[in-house]
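Beneath this line is the structure, given in structure tokens, with notes to follow.
The values are calculated or read from the model by the stated rules, or taken from the named source; none is laboratory data. The shown structure was predicted, so the numbers you read here are calculated from the model rather than taken from an experiment. With ideal geometry, Cβ positions are generated from the backbone for all residues, glycine too; neighbour counts draw on all protein chains shown. With ligands, DNA and RNA removed, areas are computed over all heavy atoms of the protein, side chains included. Shrake-Rupley method; radii C 1.70, N 1.55, O 1.52, S 1.80 Å.
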Amino acid sequence: MAREIPKGYQPQEIEPKWAEFWVEEALFRANPDAPPPVFSIVIPPPNVTGSLHIGHMLEHTEIDILTRWHRMRGYNTLYLPGTDHAGIATQRAVVRQLAEEGIDYRALGREEFEKRVWKWKEESGDTITEQMKQIGESCDWSREKFTLSPEMSRVVREAFVRLYEEKLIYRAHYLTNWCPVCLTVLSDLEVVHEERQGHLWHIKYPVADADGASPGGRAAKFLVVATTRPETMLGDTAVAVHPEDERYKDLIGKSVMLPLMNRLIPIIADEMVDREFGTGAVKITPAHDPNDFEVGRRHHLAEINVMTDEGKMNAAAGPYASMDRFEARKKIVEDLKTQGLLEKITEHAHVVGLCERSKTIVEPRASTQWFGKMKPLAEPAIAAVERGEIRIVPENRREEYFNWMRNIRDWTLSRQLWWGHRIPAWYCEEFGHVTVARETPTKCETCGSGKLKQDPDVLDTWFSSGLWPFSTLGWPRETKDFKTYYPTSLLITGYDILFFWVARMIMLGIHFTGQVPFRAVYLHSLVRTGSGEKMSKSKGTGLDPVLLNKQYGTDAMRFCLASMAAPGTDIILSDDRMSGARNFANKIWNAARFLFVNLEKFEQGGATLQELAAPEIRAKAPYVLEGAIPLRDAWIFGRLAATIEQMNEALTNYRFHEGAQGVYQFFWGDFCDWYIEWIKPDLQSADKERAVVAWRNLFAAFEAALRLLHPFMPFLTEELWHQFPQRAGAKSIALERFPEVRDSWRNNAALEEFGLLQEIITAVRNIRAELKLGPKKKVAAELSLADDAARGSVESNRDGIVRLGMLTDLKISGGRLAQGDGAMRSSAKFDLRIEYAETVDAAAECSKITKELEGLRKAIGSKEKQLGDETFRRRAPEKIIRGLEATLATQRIEMQKLTERFEQLDC
């Protein structure tokens, strides 16, 4: 068998084999007829335009860990994969591709453009899906979904029509956010706000007399207006002042001449005006500012749009037509200076809205769009979280959710794109009536006209994503999948899309199904650079997980990310952490290789792997030798039981880092560093019974540990698990049971007894290090233990202490150690002295004891203060108080022994 485990661990040779096997064998296909309990989870659909980034790697690792863990615990498990059509991102990608070919997408026309996008998707859109398969995600690929498939389109249309019929979707003229690069309206959530240093331009608007101007065309008086966007003044239709501002009361109702455009506009009074900002007079541009839009409605002002979709000035901008908006700004400022109408320019910090995707400055523009009425949908979604029907982790994100939902605004649903779910609304070309329908209508439902034209806009991508948890399971039909797997058990996603996606899924899920879409939401951390910045491909700070997986191994990357994924704490990824995870994988591989290389020697005596490690043999471990389970075996199974319980507790509460750290400590520390080292001599013992017991217990513990580790490191564990004999028909470790704690494994006495041996050996090793003894230099030691039971245990395990402590001899007694040369260490349970012929540096020894005494005095003083505080004793749990008292007693004994040693050395 050893020949099947190469000397070096090569993940690049192992991982593709098992990734392909899992998919080809359809091992993870869900069965809705299987008995409960059920664990179901849908993937946050990554954009079809993309490839895996490090955030996906973290998210998908966490999802897959929980999916594999539940599957191994007997749950009817569904992990449903899919991708998002990513309306804006995909259209931009294909528009760029066409431009490189010298083709203007508009010239192609909508139908031909859509064909090109579908062609692009067929050729390039499956990159991320293939990468997901490569990293071993245990999805049910037979249920893979795409948000723009015909199946999903029917669901989206049904949802839109229902909401329209319920008057929760409406069409209206409002001021919205416009991206001149993406060429579409954006919702408020798609605009990121950034504070920038800019300017305030103070512009003089000439006050007109009754005839429109003063004699000679020169105004006798000016109204000074401050603005951060001079280019929009070309669309001004009023100047507003506060009705109670004494400076301007006499001007209300009069007019000013709009500079550069020579258009008379009224001076109006409105309480919206902040008298302290600028001059207290503000320009009103209803077509280009949200506040101005509302003022314009109240005062029935005209809306003059002065920009094109691309952010250039249009014909309404007069002499500035066809100029870029920022070039126009410069020219307008120059012309105002020339005409003596620019009073001053001041520095001004203000917040600028940027398109989340293109990072372009967003332009507020008035337009007619489709909107979702959100408050009626938000109220049940708030109540569901308040009642605990949905748990949000970490807890602090609950308040963010509530704050946003309680102040929610209507959702701009329409997008000026060609790629996406086209809005199912048709307009009567004769009378402008609107028909919203599930199927393409043949006539206007209002007047019967056959001249209909469909709305050219598509729905916001997040609309179809908001239906994802139930649309993927067959809704609105009552399918088996929907009945079995909805509501889903959990959603794992980044906290940065809590409002974009999570809140909308909750609202739409409750509205359409009457049930929450998931029972819990875990909002994972973000992966950041070493300096704490969010990783960004555009800045060159992004990490490609595909390349990292090739460098370190996928299992190592999964384990590294999981080990750092503490709820509410972002991850700072470094080479050291990734190398550490790779070293852990190597450690496990080498442990397996040690087992099978040594087994090959043992098999020469007639033993077989089947009789030592068959499933039915492993099931009966730990085995007895001479009437009792050997201490080292009782200890390792006790540690295995504790680690299993810790793992279950950690994963139940999404504390992936605690689960990873627990299994790391067990595999590297307990199993490799202690158990294998302790059991080595018995593996080749001439006493066959002793050797067989050792091998059986060793194999059983190792195989259980592989199953324990499998959710974190699926490839490595799959490869090694197949080296063991398995039951007939067994295909994969992923389909085996997660290790379950047996009562016989729980053994606090063995943990304490072996723990004492570890403490003694560690003390020996520490003294050796302090004395700078070479690793092969053996020395003698004396050990004193007052407790008879402890002394008896040490006597029984003397050979192991001598071997692992690199000692020539170990004298064990119950009395105090006599005065003598050498380095001495004491604990509450024992005194230890290393006898060494060369003189021990007394000064160094005294210095060390002094530091230890100082530390103990502080620790004892702190605990005495705590325990002497009556308020603390009343409030603290009894378990905490007992623990402090026990620790204090131990530290007092150590203090006494160190003081005596200090005096012996005449320090």
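Could you run through segment 224-248 and say how many residues are surrounded by fewer than 22 Cβ atoms within 10 Å (Cβ to Cβ) and in a strand (DSSP E or B)? Number satisfying all stated conditions: 3.
Going through K115, K7 one at a time, which residue ends up being among the basic types (K, R) and either assigned to a helix (DSSP H, G or I) or open to solvent by less than 50 Å² (accessible area, probe 1.4 Å) (or both)? Working first, answer last.
Details: K7 fails: either assigned to a helix (DSSP H, G or I) or open to solvent by less than 50 Å² (accessible area, probe 1.4 Å) (or both).
Result: K115 is the single residue among K115, K7 that is among the basic types (K, R) and either assigned to a helix (DSSP H, G or I) or open to solvent by less than 50 Å² (accessible area, probe 1.4 Å) (or both).
Within segment 375-400, restricting attention to residues that are within 27 Å of I169 (Cα to Cα) and small (G, A, S), the residue that is surrounded by the most Cβ atoms within 10 Å (Cβ to Cβ) is A381. Looking across segment 148-192 at every residue that is open to solvent by 60 Å² or more (accessible area, probe 1.4 Å) and in a loop (DSSP other than H, G, I, E, B), the one that is farthest from E25 (Cα to Cα) is identified as K167.
To keep it simple, each residue is scored yes or no on (1) assigned to a loop (DSSP other than H, G, I, E, B); (2) under 30 Å from L491 (Cα atoms); (3) modelled with pLDDT of 95 or more.
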{"residue": "I392", "(1), (2), (3)": "no, yes, yes"}
{"residue": "Y401", "(1), (2), (3)": "no, yes, yes"}
{"residue": "W426", "(1), (2), (3)": "no, no, yes"}
{"residue": "G432", "(1), (2), (3)": "yes, no, no"}
{"residue": "T442", "(1), (2), (3)": "yes, no, no"}
{"residue": "T446", "(1), (2), (3)": "yes, no, no"}
{"residue": "S449", "(1), (2), (3)": "yes, no, no"}
{"residue": "S464", "(1), (2), (3)": "no, yes, yes"}
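Among the conditions (1) outside any helix (DSSP H, G or I); (2) free of Cβ contacts under 8 Å to residues at least 24 places away in the same chain, the only one that L98 does not satisfy is (1).
Considering every residue within segment 37-48, establish whether at least one is of a type in the set (G, A, S), farther than 30 Å from N590 by Cβ and open to solvent by 20 Å² or more (accessible area, probe 1.4 Å).
No, segment 37-48 has no match at all.
Tallying residues that are of a type in the set (K, R) and surrounded by 12 or more Cβ atoms within 10 Å (Cβ to Cβ) within segment 852-907 yields 6. Beta carbons closer than 9 Å, at least 6 apart along the sequence or on distinct chains, pair a first residue in segment 123-140 that is over 17 Å from Y79 (Cβ atoms) with a second that is of a type in the set (V, I, T) and not in a loop (DSSP other than H, G, I, E, B) for G125/T83; G125/T90; D126/T83. Each residue in segment 848-907 was checked for being basic (K, R) and under 15 Å from S826 (Cβ atoms), and 5 of them qualify.
Look through segment 401-421, keep the residues that are under 30 Å from E114 (Cα atoms) and among the aromatic types (F, W, Y), and return whichever of them is surrounded by the most Cβ atoms within 10 Å (Cβ to Cβ). Give the steps one after another, and end with the answer.
Filtering segment 401-421 for residues under 30 Å from E114 (Cα atoms) gives 410-421.
If we keep only those that are among the aromatic types (F, W, Y) too, we end up with 411, 418-419.
On the way: W411: 21, W418: 22, W419: 28.
Step by step, filter segment 401-421, then rank; the result is W419.
Residues in segment 63-77 that are open to solvent by 20 Å² or more (accessible area, probe 1.4 Å) and over 20 Å from the mean Cα position of the chain (by Cα) were compared, and the one that is nearest to P32 (Cα to Cα) is Y75. Given the residues G253, G278, which is the only one that is at positive phi, under 45 Å from the mean Cα position of the chain (by Cα) and surrounded by fewer than 23 Cβ atoms within 10 Å (Cβ to Cβ)? On inspection, the qualifying residue turns out to be G278. Candidates in segment 612-651 are the residues that are touching a residue at least 24 places away in the same chain (Cβ under 8 Å) and of a type in the set (D, E); of these, the one that is most open to solvent (accessible area, probe 1.4 Å) is E645. Looking at this structure, is V306 crowded, with 17+ Cβ neighbours inside 10 Å, free of Cβ contacts under 8 Å to residues at least 60 places away in the same chain and not hydroxyl-bearing (S, T, Y)? Against the criterion (crowded, with 17+ Cβ neighbours inside 10 Å, free of Cβ contacts under 8 Å to residues at least 60 places away in the same chain and not hydroxyl-bearing (S, T, Y)), V306 does not qualify. For segment 481-505, a tally of residues being in contact with a strand residue (DSSP E or B) (Cβ under 8 Å, 6 or more places away or on another chain) and hydrophobic (A, V, I, L, M, F, W, C) returns 7. Looking across segment 706-716, the residues that are assigned to a helix (DSSP H, G or I), out of contact with any Ser or Thr (no Cβ under 7 Å at 6 or more places or on another chain) and either buried (at least 24 other Cβ atoms within 10 Å of the Cβ) or of a type in the set (F, W, Y) (or both) come down to P714, L716.
When segment 349-374 is examined, which residues are found to be open to solvent by less than 40 Å² (accessible area, probe 1.4 Å) and more than 21 Å from I408 (Cβ to Cβ)? Spell out how you get there, then give the answer.
Step one: of segment 349-374, the residues open to solvent by less than 40 Å² (accessible area, probe 1.4 Å) are 352-355, 358, 360, 362-367, 369-372, 374.
Hits for segment 349-374 are V352, L354, C355, S358, T360, E363, R365, A366, S367.
Only one of the numbered conditions (1) over 43 Å from the mean Cα position of the chain (by Cα); (2) of a type in the set (G, A, S); (3) under 30 Å from D140 (Cβ atoms) is violated by G448, and that is (3). Of the residues making up segment 317-332, those that are touching a residue at least 40 places away in the same chain (Cβ under 8 Å) and open to solvent by less than 40 Å² (accessible area, probe 1.4 Å) are A317, G318, Y320, R325, A328, I332.
Quick one: in segment 129-147, of everything that is closer than 15 Å to D64 by Cβ and among the hydrophobic types (A, V, I, L, M, F, W, C), which residue is surrounded by the fewest Cβ atoms within 10 Å (Cβ to Cβ)? Per the stated criteria, the residue is W141. When segment 296-331 is filtered for residues that are closer than 16 Å to C179 by Cβ and of a type in the set (A, V, I, L, M, F, W, C), the ones remaining, listed by number, are M307, F326. Residue pairs whose Cβ atoms lie under 6 Å apart, sitting 6 or more positions apart in sequence or on different chains, and linking a residue in segment 185-207 that is under 29 Å from I88 (Cα atoms) to a partner that is modelled with pLDDT under 90 and not in a strand (DSSP E or B), are L189/F500; E190/E356; V192/E356. Within segment 663-673, the set of residues being touching a residue at least 40 places away in the same chain (Cβ under 8 Å) and either under 15 Å from K601 (Cβ atoms) or open to solvent by 30 Å² or more (accessible area, probe 1.4 Å) (or both) comprises Y664, W668. Hey, among the residues in segment 333-348 that are surrounded by fewer than 13 Cβ atoms within 10 Å (Cβ to Cβ) and acidic (D, E), which one's modelled with the lowest pLDDT? Only one residue fits best here, namely E347.
When you look at G296, is it on the phi > 0 side of the Ramachandran plot and out of contact with any Phe, Trp or Tyr (no Cβ under 9 Å at 6 or more places or on another chain), yes or no? Talk me through it step by step, then tell me what you get.
Details: on the phi > 0 side of the Ramachandran plot: no; out of contact with any Phe, Trp or Tyr (no Cβ under 9 Å at 6 or more places or on another chain): yes.
In short, no.
Only strands (runs of 3 or more DSSP E) whose full extent lies in segment 729-838 are considered here, and the ones with at least 1 residues that are surrounded by fewer than 20 Cβ atoms within 10 Å (Cβ to Cβ) are 779-784, 807-813, 831-835.
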